[in-house]
1. Condition check: within 30 Å of residue 7 (Cα to Cα), at pLDDT below 75 and surrounded by 13 or more Cβ atoms within 10 Å (Cβ to Cβ). Does residue 96 satisfy that?
2. Test residue 6 against the stated conditions and say whether it is more than 40 Å from the chain's Cα centre (by Cα) and either in contact (Cβ under 8 Å) with a residue 40 or more places away in the chain or part of a strand (DSSP E or B) (or both).
3. Assess whether residue 185 counts as being in contact (Cβ under 8 Å) with a residue 12 or more places away in the chain, out of contact with any helix residue (DSSP H, G or I) (no Cβ under 6 Å at 6 or more places or on another chain) and not in a helix (DSSP H, G or I).
4. Is it the case that some residue within the stretch 46-68 is farther than 16 Å from residue 6 by Cα and assigned to a helix (DSSP H, G or I)?
5. How many residues does the stretch 38-61 hold that are exposed (fewer than 13 other Cβ atoms within 10 Å of the Cβ) and touching a strand residue (DSSP E or B) at 6+ places or on another chain (Cβ under 9 Å)?
6. Show the residue pairs meeting these rules: Cβ distance below 6 Å; 6+ apart or different chains; first residue within the stretch 203-232 and over 25 Å from residue 157 (Cβ atoms) and in the same structural domain as residue 161 (by TED's automatic domain parsing); second residue modelled with pLDDT under 85 and surrounded by 15 or more Cβ atoms within 10 Å (Cβ to Cβ).
7. Inspect all residues belonging to the stretch 171-179 and state whether any of them is touching a strand residue (DSSP E or B) at 6+ places or on another chain (Cβ under 8 Å), assigned by TED's automatic domain parsing to the domain that holds residue 124, closer than 30 Å to residue 112 by Cβ and without any contact (Cβ under 8 Å) to a residue 24 or more places away in the chain.
8. With respect to residue 162, is the statement that it is under 28 Å from residue 210 (Cα atoms), out of contact with any strand residue (DSSP E or B) (no Cβ under 9 Å at 6 or more places or on another chain), at pLDDT 80 or above and not assigned by TED's automatic domain parsing to the domain that holds residue 45 true?
């Protein structure tokens with residue numbers, strides 16, 4: 001039966017064996033290490049370093065403290081096999097392998113979600129970019145209001161609904177573009193709708209606010225509008 005110091009050494013060398021990138025020699029409240037910060041563990045840790053079972057890979061600063069990050073040496077592996085239980089070492093490896101596989105699976109899922117987001121962004125940009133070259137002329141975009149002043153007819157509907165929106169929900173509440181489009185009696189095409197919003201934006205009549213969440217979560221992305229380097233999804237009156 002191994003004494004307490006030997007068991008501390010075996011446990012620490014087992015943990016070092018399954019993490020070749022290095023582990024802190026002593027653990028803390030927030031991060032585990034090879035040894036707990038006790039007196040007996042410090043003696044065992046010093047022996048592992050002095051005997052060459054552990055090699056100090058680097059020193060890392062944590063606030064005012066500096067910790068040693070260590071890796072298992074070949075000599076330490078030989079000691080572990082002689083003193084420890086090979087079955088326990090293998091089981092430790094298998095547990096770590098399962099944890100790493102779970103972590104890799106999560107990384108793959110995150111990468112897939114990011115790829116989906118990029119595809120959604122590309123699709124939205126591909127829908128919007130062609131319309132940048134189809135700005136309507138002043139004659140096409142305006143009509144007489146009866147007193148000689150040329151006013152874009154869609155402007156009136158957009159600004160009227162925004163005034164109603166802000167009166168109901170407050171000036172701080174931005175209106176989603178799909179909601180605005182759904183309440184326009186003129187029933188323009190999405191291209192005409194976007195052209196009108198660009199003109200209002202250029203005339204400093206409205207603010208266009210960007211979508212800030214993941215693109216794959218955007219509802220009704222066809223109504224999104226590319227303004228500069230941002231994808232606008234909300235609008236408010238100036």
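The values are calculated or read from the model by the stated rules, or taken from the named source; none is laboratory data. Remember, it's a predicted structure, so these values are computed and weren't measured experimentally. Methodologically, a virtual Cβ is constructed for each residue, glycine included, from the backbone with ideal geometry; neighbour enumeration extends over all protein chains shown.
1. yes
2. Values: more than 40 Å from the chain's Cα centre (by Cα): yes; either in contact (Cβ under 8 Å) with a residue 40 or more places away in the chain or part of a strand (DSSP E or B) (or both): yes.
Yes; evaluated as a whole, the condition is true for this residue.
3. Numbers: in contact (Cβ under 8 Å) with a residue 12 or more places away in the chain: yes; out of contact with any helix residue (DSSP H, G or I) (no Cβ under 6 Å at 6 or more places or on another chain): yes; not in a helix (DSSP H, G or I): yes.
In short, yes.
4. At the first step, the residues of the stretch 46-68 found to be farther than 16 Å from residue 6 by Cα are 55-68.
Add one more test, that the residue is assigned to a helix (DSSP H, G or I), and what stays is none.
No, that holds for no residue.
5. 5
6. Once the first residue is over 25 Å from residue 157 (Cβ atoms) and in the same structural domain as residue 161 (by TED's automatic domain parsing) and sits in the stretch 203-232, its partners that are modelled with pLDDT under 85 and surrounded by 15 or more Cβ atoms within 10 Å (Cβ to Cβ) give 214/117; 215/117; 215/120; 215/121; 216/117; 216/120.
7. Within the stretch 171-179 (the criterion being touching a strand residue (DSSP E or B) at 6+ places or on another chain (Cβ under 8 Å), assigned by TED's automatic domain parsing to the domain that holds residue 124, closer than 30 Å to residue 112 by Cβ and without any contact (Cβ under 8 Å) to a residue 24 or more places away in the chain), the answer is no, since none of the residues qualifies.
8. It is false that residue 162 is under 28 Å from residue 210 (Cα atoms), out of contact with any strand residue (DSSP E or B) (no Cβ under 9 Å at 6 or more places or on another chain), at pLDDT 80 or above and not assigned by TED's automatic domain parsing to the domain that holds residue 45.
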